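A short worksheet on the structure shown next.
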Amino acid sequence: MKNNYISKSMAGGKSKTRRNENNKLLFYILLGFLIQVVGLYFFLSFYYSNHFFYHTVINGINASNKTEKQVEEAINAEVSSYELTLEGRNGLKDKITGENIGLHPVYESSIKDLLDKQIGFAWPVSFFKSYDREIDTMLELDEYSLDKLLDKLVFFKEENVVEPVNARIS
């Protein structure tokens, strides 16, 4: 009977040890998860020090998760794809495109200034908030290219020009 008593008391000790081992295992799993979450937070904080937050729009261009250079390229592409359709008499139409006249933006304040004002550690807020930013830009064009293009417009071809007539009172 004595052996039976000893085995019961040892079984109780094994149960406590097993519970302690399970608690340690759970603690290490939670600690590992917490370290990964904190690491991800700091990684994304660093990422958003060079990229615009999610839901960011600059001058009507989606800048979400883009770098300064990518935003500048997107704005330049938008400007160069600008197209002006001219309609004249007798159903004549012609187009002037931003690319044909060397249209390009000149920034009074830089895109980098907007990125510098952004606090990278506040990135979780960007998933719930949108950022609509504006920067002052001027558009410049190549006047020589514009003059050459205007001379070639369909309206100024000799066969399409309607000579003016003096007004008369009848």
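The values are calculated or read from the model by the stated rules, or taken from the named source; none is laboratory data. All figures in this text were calculated on a predicted structure; none of them were measured in a lab. Backbone-built Cβ (ideal geometry, glycine too); neighbour counts: all protein chains shown. The protein model used for the area step is the full one, side chains on, heavy atoms only, and it has no ligands, DNA or RNA in it. Shrake-Rupley method; radii C 1.70, N 1.55, O 1.52, S 1.80 Å.
Given the criteria of a type outside the set (A, V, I, L, M, F, W, C) and over 23 Å from Lys69 (Cα atoms), does Tyr144 qualify?
So Tyr144 fits the description; yes.
Can you work out which of the residues in segment 69-128 that are among the β-branched types (Val, Ile, Thr) and under 29 Å from Phe43 (Cβ atoms) is modelled with the highest pLDDT?
Start the filter on segment 69-128 by keeping residues that are among the β-branched types (Val, Ile, Thr), which leaves 71, 75, 79, 85, 96-97, 101, 106, 111, 119, 125.
The next check asks that each one be under 29 Å from Phe43 (Cβ atoms); those that pass are 71, 75, 111, 119, 125.
On the way: Val71: 93, Ile75: 90, Ile111: 89, Ile119: 89, Val125: 90.
Within segment 69-128, the match that is modelled with the highest pLDDT is Val71.
Please work out if Val79 is in contact with a strand residue (DSSP E or B) (Cβ under 6 Å, 6 or more places away or on another chain), at negative phi and in contact (Cβ under 8 Å) with a residue 40 or more places away in the chain.
Answer is yes for this residue.
Read through the list (1) more than 25 Å from Leu149 (Cβ to Cβ); (2) modelled with pLDDT of 90 or more; (3) more than 14 Å from the chain's Cα centre (by Cα); (4) of a type outside the set (S, T, N, Q), then give the number of the only condition that Asp136 fails.
Looking at each condition in turn, Asp136 falls short on (2).
Determine the pairs where a residue that is over 13 Å from Leu92 (Cβ atoms), located within segment 141-170, has a partner that is open to solvent by 70 Å² or more (accessible area, probe 1.4 Å) and hydrophobic (A, V, I, L, M, F, W, C) with Cβ atoms under 8 Å apart, the partner being 6 or more residues away or on another chain.
Leu150/Phe156
Here is a list of conditions, (1) without any contact (Cβ under 8 Å) to a residue 12 or more places away in the chain; (2) of a type in the set (Lys, Arg); (3) within 30 Å of Val161 (Cβ to Cβ), and Arg89 meets all of them except one; can you say which number that is?
Of the numbered conditions (1) without any contact (Cβ under 8 Å) to a residue 12 or more places away in the chain; (2) of a type in the set (Lys, Arg); (3) within 30 Å of Val161 (Cβ to Cβ), the odd one out for Arg89 is (1).
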